[in-house]
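Structure, as structure tokens:
The values are calculated or read from the model by the stated rules, or taken from the named source; none is laboratory data. Only a predicted model underlies this, so the values are computations on that prediction, with no experimental measurement involved. All Cβ positions, even for glycine, are placed from backbone atoms using ideal geometry, and neighbour counts span all protein chains on display.
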């Protein structure tokens, strides 16, 4: 027979193991989690500064909505190109090496803004944006599954939501940098006034504006390098020992309905998020023509506060409510406020526009966690596929820009006219995307067996 002390020791060990499984972040993984969260903050900051480059470049280079939205095409297009190579990289080496490569690409891309500003060439900016965003693609492909792997599968969705909750804090910092560094330093001259300027005067104005575009991106190289040094010197890391057989894993993934639907949903979700935020400033100016770009971004900031608050609230509520059910409710509310953005009077519709962000708050990490659940050895390629789905931001944003330029959907908002009708009606794009998220949530509402 076992002694009482032995039995007590076994019971204590069992209780401790059970407690560790219930911890969102195990105690021995908290330092590495904190450093990974710093990467979440960094790419959140960069994502939302970049959203504001669309109106900034539109004014600086005097371009249409479609042409200025090429910023988003190159930025989010890089995610599709680099995601699978990133998955192969972290398989062959480690998660830590993925973080190092991702930060390295960012630093190279950000440095490219300097010659782009000196020569005032939009195409150099686009190439630099592609390289920079390629680094963020590697980071996201690495850090999201890294966070999931830091604890038990039971708490994985809560853990990824918790990590992602810090992402919008970076986004908020990015918005303040955009407001006070980039948009505040745009010359107030209109398109017509710029056309009438002599080349030397216009070049001088543009040089000053592009200098301020460079400042936040180049300054952040120092922070990225600090994080890079930490991971370079780190000896404690999770290694991915599973097999990455591209063809076999791909074959397994396309037979998984939950995963395939998840990738499709993530494509439309990211497209919705980027379009809502990219064209928010244009929406505000269309409804209130006397508002300047640096003032219109305040609504974006308020929306981000809502986004942050809602994400923290939803992360807490997931302790009591099955995640897909909560997402279904929030998506239904999102469709309602999107319609309000299209049809309600200006003062109310702007509130609805900001509330869309609150409804979007839990969607990316929740879709990500649901789609990867139970994939086993297929999780690496699965994670890469979900990061590739960020391509939705590159595809849907220019489509919405085209709707604005050409007033394609203005027939949906007959009570309004001109640019206001074009911008309002373009948000039907977001309504459709929100509807797809709602359907995915319903598809997964049944709780998995323990």
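Quick notes on this one:
- All of (1) farther than 25 Å from residue 264 by Cβ; (2) modelled with pLDDT under 90; (3) in a helix (DSSP H, G or I); (4) in contact with a helix residue (DSSP H, G or I) (Cβ under 8 Å, 6 or more places away or on another chain) hold for residue 319 with one exception: (3).
- Of the criteria (1) touching a residue at least 12 places away in the same chain (Cβ under 8 Å); (2) surrounded by fewer than 18 Cβ atoms within 10 Å (Cβ to Cβ), which one residue 414 fails: (1)
- Residue match in region 242-265 (condition: surrounded by 19 or more Cβ atoms within 10 Å (Cβ to Cβ), within 16 Å of residue 171 (Cβ to Cβ) and modelled with pLDDT of 95 or more): no
- Restricting attention to region 97-119, the residues that are surrounded by fewer than 24 Cβ atoms within 10 Å (Cβ to Cβ) and over 24 Å from residue 397 (Cβ atoms) add up to 11.
- For region 333-353, taking the residues that are touching a residue at least 40 places away in the same chain (Cβ under 8 Å) and over 21 Å from the mean Cα position of the chain (by Cα), the one that is nearest to residue 445 (Cα to Cα) is identified as 339.
- Residue count, region 51-66 (criterion: assigned to a helix (DSSP H, G or I), surrounded by fewer than 24 Cβ atoms within 10 Å (Cβ to Cβ) and at pLDDT below 90): 1
- Taking helices (runs of 4 or more DSSP H) as the structural unit, those lying wholly within region 139-207 and holding at least 1 residues that are surrounded by fewer than 18 Cβ atoms within 10 Å (Cβ to Cβ), over 23 Å from the mean Cα position of the chain (by Cα) and on the phi < 0 side of the Ramachandran plot correspond to 191-196.
- Listed by first and then second residue, the pairs with beta-carbon distance under 7 Å, at least 6 apart or on different chains, first residue in region 197-225 and free of Cβ contacts under 8 Å to residues at least 40 places away in the same chain, second surrounded by fewer than 17 Cβ atoms within 10 Å (Cβ to Cβ) and assigned to a loop (DSSP other than H, G, I, E, B), are 205/187; 205/189.
- Checking each residue in region 69-96 for being at pLDDT 90 or above, surrounded by fewer than 24 Cβ atoms within 10 Å (Cβ to Cβ) and farther than 10 Å from residue 133 by Cα picks out 70, 73.
- Total residues in region 336-372, condition crowded, with 19+ Cβ neighbours inside 10 Å and closer than 20 Å to residue 439 by Cβ: 17
- Exclusive hit being under 19 Å from residue 184 (Cβ atoms) and part of a helix (DSSP H, G or I), set 285, 221, 264, 308: 285
- Condition met for residue 128 (crowded, with 20+ Cβ neighbours inside 10 Å and either modelled with pLDDT of 95 or more or over 20 Å from the mean Cα position of the chain (by Cα) (or both)): yes
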